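A short worksheet on the structure shown next.
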Amino acid sequence: MSLVLGLLAALLPKCPMCFAAYLPLLGVSAGVAGAAGGLLRPAGIAVAICSLAVIVLRRRAWHTRGPKRPRSSSPEAA
């Protein structure tokens, strides 16, 4: 899964002009892009808030339970 996400991140355009150049290749016209543009900002903000919430919850769990320690497979540890 991480390999697919890494390849996807490498292939996606990073700058707005490159993104605009890729849209016609995908069959998206300027009219459709303009209509969808109003949805992109709220969607981006929602993704950022969700990511921040996950970070905060993981940090809070780490503080209450402590870091995860790997279990030893040796018989002496049991």
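For the reader, a short list of remarks on this structure follows.
- Ligands, DNA and RNA left out, the 1.4 Å accessible surface of segment 10-61 is 77% carbon and sulfur atoms.
- For segment 38-56, backbone nitrogen atoms closer than 17 Å to the point 7 Å from LEU26 Cα along Cα-to-C-beta are found at 38-45, 47.
- Added length on full extension, which subtracts the Cα-Cα distance from 0.36 nm per residue, LEU12 to ARG65: 15.3 nm
The values are calculated or read from the model by the stated rules, or taken from the named source; none is laboratory data. Here the structure is a predicted model, which is why all the values come from computation and not from measurement. No Cβ is skipped: glycine too gets one built from the backbone with ideal geometry, and neighbour counts run over all protein chains shown. Protein only, heavy atoms only, side chains kept; ligands, DNA and RNA dropped before computing areas. Shrake-Rupley method; radii C 1.70, N 1.55, O 1.52, S 1.80 Å.
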